[in-house]
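Here, each number is a calculation from the coordinates, and none is a lab measurement. Quantities reported herein were computed from a predicted structural model and do not represent experimental measurements. Every residue, glycine among them, receives a Cβ derived from its backbone with ideal geometry; neighbour counts consider all protein chains shown.
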Ligand SMILES: [Zn+2]
């Protein structure tokens, strides 16, 4: 019997060796008028116990059994009901009674710990409530109750990291939710229901002492989020780092804008230059030093044989403002790539306005010159946050959006823990 018990327990993923005489049978139950096929797992919970928990004497004797019902996690959608006969004991000395206990069971609960753990591990994988319910074989309401009402979310993180990333994402009802993660470990630090400066400032000042906040060394931000003042107020010693990918992205978008505007002004839609600027736009984003200027190949779009460099030159030779935007973008990209702070400063301060989208991009960088400089000097960026925000977006998509912000935040904390 022993080895058969072990195989069944193993198949059911139960890790309590005191559960014995296990048998599984098919059964039918009627639930709200519907007949359901279920599996019933019968077993006994027994072990020898001699010392009385009340009086401490070695006077316990076996005293019958008591049956408990609990739900096990399902692997195939079929419900598994555990009917467990628990050994009872009676103390011959003081007359008190006690019973055998299994770690599988939760006190006053018909769910086993097994189910609870399965729910949490599936929630971490961004499964929806209804898929969790279906796979485990319990109701969506029970899943919701276990996930949301029994989880206590700490109001602050235990240890405020020295290097942080700040950003925001669209959450429930299109409200922007603020997010901060540890720049080194990528662990979630804070989720704040909105992104108002007042809410963020109050949250950090109320949750963390001044000395904790003074210990923060860097905060990476995106330029369009405007967290500069907030960061200075919360963390008096922190240096702001503008995300370097964001800097490149800002100029890359400006380059595209200039290209599209130049394209609109071209009279001949069948000209080489039109075809080049319209379909081979990716070439302008290649780092200049990687552009091939020796090997001739067929360039789709222009539909001619030439080098990549030739293809790029078609537009830059003809349109001076596009050439300027291209050169500016290339210098910014190179300075960020090689941490070349002199080139970065030269490009930003030497830029001459020409009435294009690049003006706006460079003006933004000029206004934030010191923070932009840090992106060359310090190793931090908002890159890690993209992974986290990606996970959040996946969760949101899977769940067709959350209506309840608290639930959404709890789920995010689960997947980012
Ligand atoms: Zn006793």
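A few comments on the model shown:
- The helix-based estimate of mean residue ellipticity at 222 nm for the chain, built from -39,500 (n - 2.57) per DSSP H run of four or more residues and divided by its residue count, is -13000 deg cm²/dmol to the nearest 500.
- Ratio of Rg to Rh for region 124-223: 1.06 [Cα atoms; Kirkwood radius as inverse mean 1/r over pairs].
- Calculated FRET efficiency for the pair residue 342/residue 148, C-beta based, R₀ 51 Å, to 0.05: 0.40
- Rounded to the nearest 10 degrees, the angle from helix 357-367 to the longest Cα principal axis of the chain is 70 degrees.
- With the simple spin-label model, which puts each label point 7 Å out from Cα in the Cβ direction, the residue 307 to residue 15 separation comes to 6.3 nm.
- Between helix 113-124 and the chain: long-axis angle, C-alpha atoms, 0 to 90°, nearest 10: 10
- Whole-percent pair-distance distribution, where bins are 5 Å wide, for the alpha carbons of region 93-183: 2, 10, 14, 14, 15, 13, 11, 9, 5, 3, 2, 1, 1, 0
- In degrees, nearest ten, helix 383-398 long axis to first principal axis of the chain (Cα): 60
- Distance-filtered residues of region 383-417 - backbone nitrogen under 16 Å, label point 7 angstrom along residue 175 Cα→Cβ: 401-413
- A Förster radius of 22 Å combined with the Cβ-Cβ distance from residue 8 to residue 35 puts the calculated FRET efficiency at roughly 0.30.
- Dividing the radius of gyration of the alpha carbons in region 152-280 by their Kirkwood radius gives 1.19 for Rg/Rh.
- Cut-off 13 Å, label 7 Å out along Cα→Cβ of residue 321, residues of region 330-359 by amide N: 353-359
- Extension gain, residue 366 to residue 224: 0.36 nm times the residue separation minus the Cα-Cα distance gives 49.7 nm.
- Relative intensity, log₁₀ I(q)/I(0), of the chain from a Debye sum that treats every alpha carbon as a point, q = 0.08, 0.10, 0.11, 0.13 Å⁻¹: -0.70, -0.87, -0.95, -1.10
- Dividing the C-alpha radius of gyration of region 2-148 by 2.2 N^0.38 Å, with N its residue count, gives 1.20.
- Each principal axis of the Cα cloud of region 251-346 was evaluated for its coordinate range; sorted largest first, these ranges are 42, 31, 18 Å.
- Using the Cβ-Cβ distance between residue 295 and residue 187 with R0 set to 30 Å, the FRET efficiency works out to roughly 0.05.
- Here the extension length gained between residue 266 and residue 197 equals 20.3 nm, from 0.36 nm per residue of separation less the Cα-Cα distance.
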